[in-house]
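Here is the structure we will look at.
Bear in mind that the values in this text are calculations on the coordinates, not laboratory data. Because the structure is predicted, anything quoted here is derived from the model rather than measured. Using ideal geometry, Cβ is built from the backbone for each residue, glycine included, and neighbour counts are taken over all protein chains shown.
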């Protein structure tokens, strides 16, 4: 049994404790910082909690997102083409925090932009901006010395991905330095591709619960309120990424500029997902 | 037996590190599989039967050993060092790539894998992979950038003839790095039955070490052949470098020979002073993490990867194998560059003086030889790895020279 290293309770811990008290599963939403442009992305970010997002994952754009499918690849490139960079991503978090000191915010992405920025400087700036946790796809436990251990020291949660290929033997090593919550990737594959059956998710959640007391969020391939609800019935939260990003894409005009009503349309989709999650155990 | 402590040949360590370079920067889904490949490779390395089968295939199917050829006319033309070519372009499929593919497909079979994937730039690695898959009766999917498909049409057709499925990659600039991204995406989706044959000495551990080991036969043969020809070791080794598998293959056996100088030639494209106009990761990049390893990368100040440029699709990659990054930092190998134009000139020089059409990749090495050889004494023994033949490049060269084919 692995539990979180001893740390002061973070926004993530408080949010999952609150969800538990309310007896419902949560909704974790993903958008890419700067997609389709900085202002629209910030407006979306600010609107997510009101639309029912319990935890926010904010993607750090990267040219080579090798675990992501076409939707999130395209989102990253849209952002980069509009001048997104790490400093702008952190600015966005600071701007968000001016109006919201409660909703947990997790930065998600790949290691190179962080390594390039400088690990110590990144952790200091991310923490100062109001970042609660990190998900870095290409840093398995074998590379914990790079960012995971410094992050834990800096008081930033390091949220690990576990997958169907993480067997019982490997699981303790994967969970050892994990804090905040555990993100279960329910399919072997890239983001936005296929989805796992409810039975497979039930079984995986049961297996993970034998290994950890940390909250469990389940993602990959969740696209509808019904699927989100099915996941939230057994897990502590459902993660939706590509489906939201595709809503952004669907609300661009032919020049790739945000069409009128983009923010409202995307948030409407998030509200439907949140509704599904909230009534799941009802 | 313990390896000597003072050696350039001890890497990588158990975590796959050459100094600070290398490592295993992959998604968790792939991590158990990477560890499985490492275990299986360690077992195969210790199994005489594996080596015997590999040696048999290299001899009878690939056609090894490749000759070490004294280029008399070129030597006279340049008027300096005595120039030898290691003729790996004479291997079956026309490049050094098959040395590695043969090793990896035997490993894949040993592991019971049912499906092979690969990435390719110039198409040489794709052709070599498709070839060994046909030989072993395994289905093969090759990821290739759409840009590269356009400039390497003959190799695309060859792969199809060999029964492989060539999937065009349109993300990014549609070149080698994007093909590698999509191959990794395929692998993460099909972890159970698929083996990924990486074409260069890069990627997550154990690939850089494994590919190097399979290519090291180039250097071992060279040592033996040079002893036979001249009764002593070569003084200088020259090889082109994209990911760096032909260079490490030639160099590795000689790394601890203090009298052997080594020069690796990166693709200088339009020139190192042209922003994003070259593919020289060491001279024009800085350390970063991509495709499973830490190494020198072409990147902007935000850590976003640049596409780079080279006339040679096989060198058009923004990274380099991690062992080269380390050899660069410790100073054991000199890394230089040659431009598109220098490579084109060298291509034509070799055709005229020796009757050999080199691939555009080793044409970069030859451009460096053209610069260096005249400065060396006539008793200097220089070996250049002629790692691929140029038939595939005649359309590119024709276009550059303004000749419609």
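Could you compute the FRET efficiency for residue A:119 and residue A:167, with r as their C-beta to C-beta distance and R0 at 35 Å, rounded to 0.05? Walk me through the numbers before you get to the answer.
Numbers: r = 30 Å, r/R0 = 0.85.
That gives a FRET efficiency of 0.70.
Measuring from label point to label point, each 7 Å out along Cα→Cβ, what is the residue B:136 to residue A:209 span in nm?
4.3
Kirkwood hydrodynamic radius for the stretch B:251-375: how many Å is it when counted over pairs of different Cα atoms? Present the calculation step by step, with values, prior to reporting the outcome.
Values: mean 1/r = 0.0662 Å⁻¹.
Its Kirkwood hydrodynamic radius stands at 15.1 Å.
Need one value for A:178-188: mean number of C-beta atoms belonging to other chains within 10 Å of its residues' C-beta atoms.
Working: counts 0, 0, 0, 0, 0, 1, 0, 4, 0, 3, 10.
So the per-residue partner count for this stretch is 2.
Mind jotting down the three principal axis lengths of the protein assembly as shown based on Cα atoms? Whole angstrom, largest first.
Ordered largest first, the protein assembly as shown gives principal extents of 85, 54, 45 Å.
From the helices alone, meaning DSSP H stretches of at least four residues, give me the mean residue ellipticity at 222 nm for chain B, per-run term -39500 (n - 2.57), in deg cm²/dmol to the nearest 500.
Values: 16 runs with 166 residues, N = 405.
Result for chain B: -12000 deg cm²/dmol, rounded to the nearest 500.
How much of the pair distance distribution for the stretch B:42-108 lies past 20 Å, counting alpha-carbon pairs only, in percent? If you can, show how the numbers build up before the last one.
Working: 971 of 2211 pairs.
Considering the stretch B:42-108, 44 percent of its Cα-Cα pairs are separated by more than 20 Å.
Quick one, can you get me the convex hull of the C-alpha atoms of the stretch A:35-79 expressed as volume per residue in Å³?
Working: hull volume 3.5 nm³, N = 45.
Taking the convex hull of the Cα positions in the stretch A:35-79, it is 77 Å³ per residue.
From Cα pairs below 8 angstrom and at least 6 apart in sequence, can you work out the relative contact order of chain B, rounded to a whole percent?
On the way: 892 pairs, mean separation 82.8, N = 405.
Relative contact order for chain B comes out at 20 percent.
Can you put B:93, A:87, B:129 in order of Cβ neighbours within 10 angstrom, beginning with the fewest? Before the final figure, lay out each step's value.
Values: B:93 24, A:87 11, B:129 32.
So the ranking, lowest neighbour count to highest, is A:87, B:93, B:129.
Once R0 is set to 25 Å, what does the formula 1/(1 + (r/R0)^6) return for the Cβ-Cβ distance between residue B:53 and residue B:332, expressed as a FRET efficiency to the nearest 0.05? Spell out each step's value before the answer.
Numbers: r = 33 Å, r/R0 = 1.31.
That gives a FRET efficiency of 0.15.
Once every Cα of the stretch B:315-393 carries one equal point scatterer and solvent is ignored, give the base-10 log of I(q)/I(0) from the Debye formula at q = 0.12, 0.24 Å⁻¹, two decimals.
With one equal scatterer per Cα and no solvent, log10 I(q)/I(0) is -0.40, -1.22.
Could you work out the relative contact order of the stretch B:215-342? I mean the mean sequence separation of Cα pairs under 8 Å and 6+ apart, divided by the number of residues, in percent.
26
Using a Gaussian network model of chain A with C-alpha springs under 10 Å, which one of A:165, A:29, A:40 is most mobile by mean-square fluctuation?
Checking each option, the largest mean-square fluctuation is seen for A:165.
Using a simple spin-label model with points 7 Å from Cα along the Cα→Cβ vector, what separation in nm is obtained for residue B:348 and residue B:192?
Modelled inter-label distance: 5.7 nm.
May I ask for the Kirkwood hydrodynamic radius of the stretch B:1-152, worked out over all distinct Cα pairs and given in angstroms to one decimal?
Details: mean 1/r = 0.0543 Å⁻¹.
For the stretch B:1-152, inverting the mean 1/r across all distinct Cα pairs yields 18.4 Å.
If you count, for each residue, the other Cβ atoms within 10 Å and average over each peptide, how do A:269-279, A:235-245 line up from highest to lowest?
Numbers: A:269-279: 20.7, A:235-245: 25.8.
The most tightly packed comes first, giving A:235-245, A:269-279.
What ranking, highest mean first, results for peptides B:41-53, A:101-113 when packing means the other Cβ atoms within 10 Å averaged over each residue?
On the way: B:41-53: 13.3, A:101-113: 22.1.
Taking the mean over residues of other Cβ atoms within 10 Å, the ranking is A:101-113, B:41-53.
Treating the Cα atoms of the stretch B:90-244 as identical point scatterers in vacuum, please give the log10 of the normalised Debye intensity I(q)/I(0) at q = 0.11, 0.15, 0.17, 0.18 Å⁻¹, two decimals.
Values, matching the q order: -0.44, -0.77, -0.95, -1.05.
Taking just the alpha carbons, could you work out the radius of gyration and Dmax for chain A, both in angstroms?
17.2, 52
Using a 10 Å cut-off around each Cβ of peptide B:297-303, what is the average number of partner chain Cβ atoms that fall inside?
Values: counts 3, 0, 5, 5, 4, 14, 13.
What the average comes to for B:297-303 is 6.
Distances over 16 Å make up what percent of all Cα-Cα pairs in the stretch A:236-281?
Numbers: 438 of 1035 pairs.
Within the stretch A:236-281, distances greater than 16 Å cover 42 percent of Cα pairs.
Taking a virtual spin label 7 Å from the Cα of residue B:233 along the C-beta vector, which residues in the stretch B:365-405 bring their backbone nitrogen under 19 Å of it?
B:377, B:379-385
Please give the FRET efficiency for residue A:94 paired with residue A:259, using the beta carbon to beta carbon distance and R0 = 30 Å, rounded to the nearest 0.05. Let's see the in-between values first.
Values: r = 28 Å, r/R0 = 0.93.
It comes to 0.60.
So what is the relative contact order for chain A, in percent, with contacts set as C-alpha pairs under 8 Å and at least six apart? Walk me through the numbers on the way to the answer.
Details: 553 pairs, mean separation 72.1, N = 282.
About 26 percent, as a whole number.
What is the distance in Å between the Cα centres of the stretch A:229-282 and the stretch A:136-171?
Taking the Cα centre of the stretch A:136-171 as reference, the centre of the stretch A:229-282 is 27 Å away.
Rounded to the nearest 500, what is chain A's calculated 222 nm mean residue ellipticity when only DSSP H runs of at least 4 contribute -39500 (n - 2.57) each, over all residues? Before the final figure, lay out the partial values.
Numbers: 12 runs with 132 residues, N = 282.
-14000 deg cm²/dmol, from helical runs alone.
How big is the Kirkwood radius of chain B, worked out from every pair of different alpha carbons and given in Å to one decimal?
Working: mean 1/r = 0.0481 Å⁻¹.
Hydrodynamic radius (Kirkwood, Cα pairs) of chain B is 20.8 Å.
Determine, for A:281, A:97, A:24, A:210, the number of other Cβ atoms within 10 Å of each Cβ, and report the residues in order from fewest to most. Spell out each step's value before the answer.
Values: A:281 13, A:97 16, A:24 20, A:210 9.
So the residues, fewest neighbours to most, are A:210, A:281, A:97, A:24.
If you take each beta carbon of peptide A:66-73 and count the beta carbons of other chains within 10 angstrom, what is the mean? Intermediate results must be reported in sequence, preceding the final value.
Details: counts 16, 9, 2, 2, 3, 0, 0, 6.
Across A:66-73, the average partner-chain Cβ count within 10 Å equals 5.
Given the C-alpha centroids of the stretch B:231-291 and the stretch B:172-200, what is the distance between them in whole angstrom?
Between the Cα centre of the stretch B:231-291 and that of the stretch B:172-200, the gap is 24 Å.
Would you mind ranking B:28, B:230 by Cβ crowding within 10 Å, fewest neighbours first?
On the way: B:28 23, B:230 15.
Ordered by Cβ neighbours within 10 Å, fewest first: B:230, B:28.
At what distance in nm do the modelled label points of residue B:256 and residue A:39 sit from each other, each positioned 7 Å from its Cα along Cα→Cβ?
Computed distance between label sites residue B:256 and residue A:39 equals 6.5 nm.
With both partners inside chain B, how many of the DSSP beta bridges are antiparallel, as a percent to the nearest 5?
Working: 16 of 49 bridges.
Beta bridges within chain B, antiparallel portion: roughly 35 percent.
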